[in-house]
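Following: one structure in structure tokens, then a few remarks.
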Amino acid sequence: MSPLRAHRGHFRAPFQDLPLDILHPILSQLTDRKDWHACTLVSKAFSRVATPFLYRTLDSRIISKTLVHHPSTTLLRRPDLAQHVRRVTETGAIHRGMLVRYPNITKDTLAALALCVNLASLTWIDDTASTNTSLLLSFLEVIRSLPVRELTIRTHSDLGEEVWAQLITLTGLRKVSIWCMEGPPRVLQGWSEPLGSTLTHLELGRCAGVPPTILITVLSQLPLLKDLRLKGAPASAIPTILTYLPNLQSLDTEYLLSGSGSYYSAKRPLIRAIKAASPKSSSPKSPVSPDRPSSASSPDLTPSTSEDEEEEEEPPLPTLRSLTVRTSSMDNFGPQKLWGWIQDLVPRPGLEKFKLHAFTFNMGYTGIPRMFILELARMHGASLKEFVVGEAHLTLGDIECLCSMFKGLEVLVCSVASPDVESIMNAISPAKNLTTLKLQVQWIPSGGGSAMYDQHDYDFSSPHSLSSHHHTSNTYDHHARYTHDRSRLFTNFGERDLDGFRGKVWRQADGMGMGMGGNSKGKAEMFAMEDARRMMLRSEESRLRVIGIGHVQYTVTALALETTEAEKNDRTNDSDPRLKFVVYADVAEDRWKT
């Protein structure tokens, strides 16, 4: 043995001396089942700690073409492992598709499920057209005796009255998610009141066609809700719903074209309708003035119906920390009153995450008005950390505005037009806390002047840029002059000329046949790995470590943390030799999690 190796071995602690009490918090940071499986093979001590993580979540869905072994097989052979199970996902496709090879699959699964005495969550997925609900009924019967607190049901067919009659008898749930594509909408009628004392998370995947008064009445019985997701609910009902949910922190909803345009006038009638329908509520009386008679026959005691007093009667909206809005429109400017509607949902400071999922029917990109960004910053500039608008379009000036106004901005996802990488770097330069940047980039011709695709209308460093601009309906109805670079390019170049530029510059640059992307092919790459390095290391205080350009993602590997003393002393330029990158090409996000 060499002296150097002996020297190193002298200071190396035996692997067996690793304190066992730190294994659990270390292994809990892992997310891949393959990693946990590898840990079980290290030693008996590692196996005892890693095994519970392997069985914490069991999912029977087919995720590969390999032979499927249902988890129930193992649990029946090793009942002691069932105590570690916390979350179970079962599917109708598995139970129907494996009957020939495994006739007792349902019976064994129910027996194994009954052994999971610590089960907290059950998810049932059935995307078949079968109307046979006996399988789901069997699972509901088993979980009655288990401490289940979360229930998710996603089916294509209608649940049926028999299943719903059993569901509404379940109590003590903290999270309920119902997604049924057929049959009458299920919005917890007859179930909301029993869940009112425990339910904190709710997802209703089909609210279309439900009268707003019914939807509001049901949700008003769930005052403990912290997380709410609604699909198909009318936009006119959302502000009223929020007044009944004082603890709500996260909202995921839609802004639908039908009926959304008149939400301002529909808000107060909805509140009056709910109060009139409630036997426990009555209209508050106007306060009696001390210099007026207090006789019951006095006309001064008639309840006031003025707009000002009625506005005061409305309860305040909750302070949302996360807001996700999904919408669509016929053109690039989005629904006319969308932006004012969003502002009305978050009238109090404290919003940390804003997500917008918007698309247009003409295959364009929804533009976001500058005034909306300024108004959002005026109220939430100190709290907003994530601004995720997908493929919605921002100008370079808008991005600079975002990075300047939202000092704590950590995540930015949007679409932008830019002539080069330097312009993007300049736009994000004010963002000192930015960690993740994902862009869909339209590489536009250079030399046309920045005025045609960018606007620097405001001094972002001045507080007056916020206080001096108040949103009005006209501001949001006519925000074309603030947004959409593509429209300005059509004006400057003409549509036919722009198509020529797109073919010569954009397609040649990205090599994907589109003006958007990460340039994974082609000779004239507009964004390369070196650009990602420069962008991440643009300043000493830069925290940017994840960059996505189109379908290509650049990130810092764990190897970046390993630095020798020689490397530290050899830093002769601005580049950091410790940083290494892994490029993930054509990595698509899991749309089911959006």
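The values are calculated or read from the model by the stated rules, or taken from the named source; none is laboratory data. Predicted model, so just to flag it, every value in this text is computed and none were measured. So basically every Cβ, Gly included, is an ideal-geometry build from the backbone, and we count neighbours across all protein chains shown.
For this structure, a couple of remarks:
This table checks each residue for (1) crowded, with 23+ Cβ neighbours inside 10 Å; (2) at pLDDT 95 or above.
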position	(1), (2)
203	no, yes
206	no, no
224	no, yes
227	no, yes
236	no, no
241	yes, yes
246	no, yes
249	no, yes
257	no, no
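- Checking residue 119 against (1) in contact with a strand residue (DSSP E or B) (Cβ under 7 Å, 6 or more places away or on another chain); (2) of a type in the set (A, V, I, L, M, F, W, C); (3) in a helix (DSSP H, G or I), the condition it does not meet: (3)
- Residue ID - nearest to the chain's Cα centre (by Cα), chosen from residues in segment 189-244 that are closer than 25 Å to residue 348 by Cα and polar (S, T, N, Q): 200
- Meets criteria (part of a loop (DSSP other than H, G, I, E, B), modelled with pLDDT of 95 or more, at negative phi and surrounded by 22 or more Cβ atoms within 10 Å (Cβ to Cβ)) for residue 434: yes
- Pairs linking a residue in segment 338-358 that is modelled with pLDDT under 95 to a residue that is surrounded by fewer than 16 Cβ atoms within 10 Å (Cβ to Cβ) and in a helix (DSSP H, G or I), with Cβ atoms under 7 Å and 6 or more positions apart or on different chains, are 340/473.
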